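The values are calculated or read from the model by the stated rules, or taken from the named source; none is laboratory data. Here the structure is a predicted model, which means the values were calculated and not measured. Neighbour counts are summed over all protein chains in view; Cβ atoms, including those assigned to glycine, are modelled from backbone coordinates with ideal geometry. Ligands, DNA and RNA are stripped out before the accessible areas are found, and what is left, the full protein with its side chains, is counted by its heavy atoms. Shrake-Rupley method; radii C 1.70, N 1.55, O 1.52, S 1.80 Å.
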Amino acid sequence: LREAGFLHVRGLFSESEMAAVARDIDDYIARAEPDDGDSWWAEDASGKKQAVRVLNFYEKSESLRELVQSDRYQWLGDLGGDGHRHRRTAEGLVKPLGIVKGLSDLPWHKDCGQGGHSYFCNGLTTGISVTGADRESGALGVVPGSHRANVQTAGKDESLDMASIKLETGVGDVTVHCSDTLHRAHRPTKRPRKVVYSGFRLRLKPGDTLE
């Protein structure tokens, strides 16, 4: 994690636990409405618009809360050695096939470059693999070492001499990446997938407050 900017933890959660979280994602995706301010939407090649991301999922899903409040998950915040604390937020994502418009599969970026720097830099972002992800279902792409390099925060300079890799995960695996690590969501080509993103922020200093 310190050297490469990411970590892949295998089998942290069981298939039955992930099935419960998947049901909650499906439930709240079905409830989503365009412009409700609580979901992200995208469009496929046929022009069909669909919800692809549920915001405030930590508050919505009791199954998810139980997992991220457990010691199995909370120890991830200690890996950086800087006293990170869970942000108590989460987003539930579906990755459908054939999306051509909208923010379903984000291109190369750093979380801090998306307006998050002032809120949780340098934070740890976790991806809880609800259905698993391989090269055909949109595995997460990362550029090892990019958190330690002065590279652009959006897009990937093709002249960059740092190779990218794909993190292929099983059901219940968790990926961890620094908010300064260059990463992307690869588009699924044969199978859709589900994932929950949450994470940890640095502990507040004396006198700091969160609005």
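State all residues of the range 45-74 that are basic (K, R), surrounded by fewer than 20 Cβ atoms within 10 Å (Cβ to Cβ) and not in a helix (DSSP H, G or I); if no residue qualifies, say none. Once the filter is applied, which keeps residues that are basic (K, R), surrounded by fewer than 20 Cβ atoms within 10 Å (Cβ to Cβ) and not in a helix (DSSP H, G or I), the range 45-74 yields K48, K49.
Say whether the condition of being closer than 30 Å to D26 by Cβ, modelled with pLDDT of 95 or more, of a type in the set (A, V, I, L, M) and within 17 Å of the chain's Cα centre (by Cα) is met by at least one residue in the range 91-104. Checking the range 91-104: at least one residue is closer than 30 Å to D26 by Cβ, modelled with pLDDT of 95 or more, of a type in the set (A, V, I, L, M) and within 17 Å of the chain's Cα centre (by Cα). If the condition is being in contact with a strand residue (DSSP E or B) (Cβ under 7 Å, 6 or more places away or on another chain) and either open to solvent by 50 Å² or more (accessible area, probe 1.4 Å) or not basic (K, R) (or both), then the range 188-211 contributes P188, P192, V195, V196, Y197, S198, G199, F200, R203. Residues that are open to solvent by less than 60 Å² (accessible area, probe 1.4 Å) and in a strand (DSSP E or B) within the range 80-97 comprise H86, E91, G92, L93, V94, K95, listed in sequence order.
Of all residues in the range 63-113, those satisfying the criterion of being of a type outside the set (D, E), over 30 Å from S46 (Cβ atoms) and out of contact with any helix residue (DSSP H, G or I) (no Cβ under 9 Å at 6 or more places or on another chain) are Q69, S70, R72, W75, L76, G77, L79, G80, G81, G113.
Pairs meeting the criteria (first residue in the range 50-61 and of a type in the set (G, A, S), second residue open to solvent by less than 30 Å² (accessible area, probe 1.4 Å) and in a loop (DSSP other than H, G, I, E, B), beta carbons under 8 Å, at least 6 apart or on different chains) are A51/A32; S61/A90. Here is the figure for the range 114-147: residues that are assigned to a loop (DSSP other than H, G, I, E, B), at pLDDT below 85 and farther than 25 Å from E43 by Cα total 3.
Name the residue that is farthest from A163 (Cα to Cα), counting only residues in the range 177-211 that are basic (K, R) and assigned to a loop (DSSP other than H, G, I, E, B). If you could, list the steps in order and put the result at the bottom.
Taking the range 177-211 as the starting set, the residues that turn out to be basic (K, R) are 184, 187, 190-191, 193-194, 201, 203, 205.
Applying the additional criterion that residues be assigned to a loop (DSSP other than H, G, I, E, B) yields 187, 190-191, 203, 205.
Values: R187: 19, K190: 25, R191: 25, R203: 32, K205: 36 Å.
Taking the candidates together, the pick is K205.
Would you mind stating whether G80 is of a type in the set (G, A, S) and farther than 21 Å from R203 by Cα? Criteria not met by G80. Take G77 and tell me if it is in a strand (DSSP E or B) and either modelled with pLDDT of 95 or more or open to solvent by less than 60 Å² (accessible area, probe 1.4 Å) (or both). No; evaluated as a whole, the condition is false for this residue. Scanning the range 20-35 for residues that are open to solvent by 30 Å² or more (accessible area, probe 1.4 Å) and modelled with pLDDT of 95 or more yields R23, D24, D26, D27, Y28, I29, A30, R31, E33.
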